[in-house]
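Have a look at the structure below, then the notes.
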Amino acid sequence: MAKSSHREKLLSEGLRVVHRQGYGGASVRDIVQAADVPQGSFTNHFASKEAFGLEVLDLYFAKAQELIAATLRNEELAPLQRLRVYVDANIGFMKTHEMRNGCLLGNYSAEAATQGESIRLRLAAILDEVQQSIAACLKAAVKAGELPKGYKSNDVAGFIVSSLQGAFLIAKAQRDMGPMERFRLVLFTMILK
């Protein structure tokens, strides 16, 4: 197996390990064992666990960006429908993984942001990008007449990101979809009515 493929295996399998066990709970040994590569491969490709953690975060966010493009940024759908599809896709993700993994962004925020300034800064940028995508969707809803003029799209988008991440974490802790379902219900019947 070529060294470049070792790097790809370390990232793809490492993402699974970190998502399942947490950043702090995933040792380099766990990552190389899951990737089935020699221990030295890790240090050949990554200067530190923090450098690896940043790349895992970017790999995860690349998938999240695909979802954002297909939902929140999809102008073929009505704006509030975009948001509903986005929320439903996140709920579906949690159901698929039986509420065990949560969202890597929230997981990293809870634990890895204290591990290094580069991770904290990247998380802040990613969460801001998610918030801006939601805000753009809400602004489109105002323009389409789905929400009233003067709607505080940026504030509500920040609230949605924070609430969704909180629902992910609580659903993960409780191994129960209740927090996710409650988030969706309150969002669409009270916040966006």
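Read-outs throughout are calculated quantities, based only on the coordinates presented, and are distinct from any laboratory measurement. Please read these numbers as outputs of a predicted model, since none were measured by experiment. Here the Cβ is made from the backbone with ideal geometry for all residues, glycine too, and neighbour counts use every protein chain on show.
Figures for the structure shown
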| read-out | value |
| --- | --- |
| From the options Leu54, Leu10, residue that is surrounded by 18 or more Cβ atoms within 10 Å (Cβ to Cβ), in contact with a Ser or Thr (Cβ under 9 Å, 6 or more places away or on another chain) and in contact (Cβ under 8 Å) with a residue 60 or more places away in the chain | Leu54 |
| Of residues in the range 95-127 being polar (S, T, N, Q) and in a helix (DSSP H, G or I), the one surrounded by the fewest Cβ atoms within 10 Å (Cβ to Cβ) | Thr96 |
| Cβ-Cβ under 6 Å pairs, at least 6 apart or on other chains, the range 171-192 side at positive phi, far side surrounded by 12 or more Cβ atoms within 10 Å (Cβ to Cβ) and not acidic (Asp, Glu) | Arg175/Met99 |
| Enumeration of residues in the range 128-157 that are aliphatic (A, V, I, L, M) and either surrounded by fewer than 18 Cβ atoms within 10 Å (Cβ to Cβ) or not in a loop (DSSP other than H, G, I, E, B) (or both) | Val130, Ile134, Ala135, Ala136, Leu138, Ala140, Ala141, Val142, Ala144, Val156, Ala157 |
| Selected residue [in a helix (DSSP H, G or I), more than 29 Å from Gly14 (Cα to Cα) and among the aliphatic types (A, V, I, L, M)] from Leu67, Leu83 | Leu83 |
| Residue ID - surrounded by the most Cβ atoms within 10 Å (Cβ to Cβ), chosen from residues in the range 13-51 that are aromatic (Phe, Trp, Tyr) and not in a helix (DSSP H, G or I) | Tyr23 |
| Arg82 being touching a residue at least 24 places away in the same chain (Cβ under 8 Å) and over 15 Å from the mean Cα position of the chain (by Cα) | yes |
| Residue check, Ser162 polar (S, T, N, Q), free of Cβ contacts under 8 Å to residues at least 60 places away in the same chain, surrounded by fewer than 16 Cβ atoms within 10 Å (Cβ to Cβ) and more than 26 Å from Glu76 (Cβ to Cβ) | yes |
